[in-house]
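Please read the structure below before turning to the comments.
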Amino acid sequence: MSYKTILVILRSLEDCEHVLETAIHLTSRFGSHLIGLHAEAAVKVSYAAPIEIPDASVFNVDQGEIDERMDSLGAAFKARCEREGVSWEWRPIRSLSGDNALSALSSARCADLVVARQHEEEKEEDFADLEALVLESGRPIMFVPYVARKAVAVKSAIVAWNGSRESARAVYDALPLLTTAESVEILSVDPEENAEQSKALAGAEIAATLTRHGVNVSTKTEISDGLPAAAIIQNRLADTGADLLVMGAYSKSRLREYLFGGVTRTMLKSMPNLTLMSR
């Protein structure tokens, strides 16, 4: 198993640095075909408002700025790919919303892996519906933290394991990375005691499965004692210096996470390193 088609979503020229660098690193590592995508709104919202008809010159100026931005991103993507010698194609998209995540759904569903930048709340003008990308694409999403400055090789990884369908999906979606990592830790937080497993053996079965794939894997169980599970995961990432977090997204309902908080929403807002999410 490998990633043969990788989609990278570029929301700005800044993404042509560390986000594209991460995508190219993965593309080179797995001999993949890289698709770069950027979306812009077909028509500005202000033009659609029934207030007054904008002057044609204003419309032309705005469209010119959009064209220039798309051309600049495309040129930067092409130049970097050709310099690295990877297989590539560029997809500029005009859509009604201009949302880079929503506009990428069709392309994402035909890719093995999607690479996108974590949303930076301070930059509301750069918003993309990343939750929809996770929930509706059906593909694993590799999020690059906005604090990242360069691509890193995945030498160690932590799998946040709770035995759910979503965490199982994430493990198998991440297999190409896990099998090439030097070490992988299965981290269970507050595991349930039931007929299928004891707390002491949480994560043991998925660890055994990964071992058969040649993964150097260990298990770790943490008890929250009132601390949020997301904080425990983040602390463990810091303690181990892991390069990658693998986790299922929204194993609890999205509404419940919205109302009461949850690991997925927390990690989307404050991820310390590369994070692969699957749903």
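The values are calculated or read from the model by the stated rules, or taken from the named source; none is laboratory data. Quantities reported herein were computed from a predicted structural model and do not represent experimental measurements. All Cβ positions, glycine included, derive from the backbone under ideal geometry; neighbour counts span all protein chains shown.
Computed quantities for the displayed model
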quantity: Residue ID - modelled with the lowest pLDDT, chosen from residues in the stretch 182-219 that are surrounded by 12 or more Cβ atoms within 10 Å (Cβ to Cβ) and on the phi > 0 side of the Ramachandran plot; calculated: 190
quantity: Residue check, residue 166 modelled with pLDDT of 90 or more, closer than 24 Å to residue 222 by Cα and among the charged types (D, E, K, R); calculated: yes
quantity: Residue count for the stretch 64-99, restricted to those that are more than 29 Å from residue 28 (Cα to Cα) and among the hydroxyl-bearing types (Ser, Thr, Tyr); calculated: 2
quantity: Cβ-Cβ under 6 Å pairs, at least 6 apart or on other chains, the stretch 142-157 side β-branched (Val, Ile, Thr), far side modelled with pLDDT of 90 or more and surrounded by 15 or more Cβ atoms within 10 Å (Cβ to Cβ); calculated: 144/19; 144/22; 144/117; 152/243; 154/177; 154/181; 154/243; 154/244
quantity: Filter result for residue 5 (modelled with pLDDT of 95 or more and either of a type in the set (Phe, Trp, Tyr) or more than 12 Å from residue 107 (Cβ to Cβ) (or both)); calculated: no
quantity: Residue ID - farthest from residue 73 (Cα to Cα), chosen from residues in the stretch 100-120 that are hydroxyl-bearing (Ser, Thr, Tyr) and out of contact with any Ser or Thr (no Cβ under 6 Å at 6 or more places or on another chain); calculated: 106
quantity: Boolean, residue 147 is surrounded by 15 or more Cβ atoms within 10 Å (Cβ to Cβ) and within 30 Å of residue 15 (Cα to Cα); calculated: no
quantity: Top-ranked residue of the stretch 150-171 - restricted to ones that are among the hydroxyl-bearing types (Ser, Thr, Tyr) and surrounded by fewer than 18 Cβ atoms within 10 Å (Cβ to Cβ), ranked as nearest to residue 209 (Cα to Cα); calculated: 164
quantity: Flag if residue 6 is part of a helix (DSSP H, G or I), touching a helix residue (DSSP H, G or I) at 6+ places or on another chain (Cβ under 9 Å) and closer than 18 Å to residue 78 by Cβ; calculated: no
quantity: Hits in the stretch 155-185 - residues which are assigned to a strand (DSSP E or B) and either within 16 Å of the chain's Cα centre (by Cα) or over 24 Å from residue 30 (Cα atoms) (or both); calculated: 157, 158, 159, 160
quantity: Scope the stretch 61-81; condition farther than 14 Å from residue 10 by Cα and without any contact (Cβ under 8 Å) to a residue 12 or more places away in the chain; matching residues; calculated: 61, 63, 64, 65, 67, 68, 79
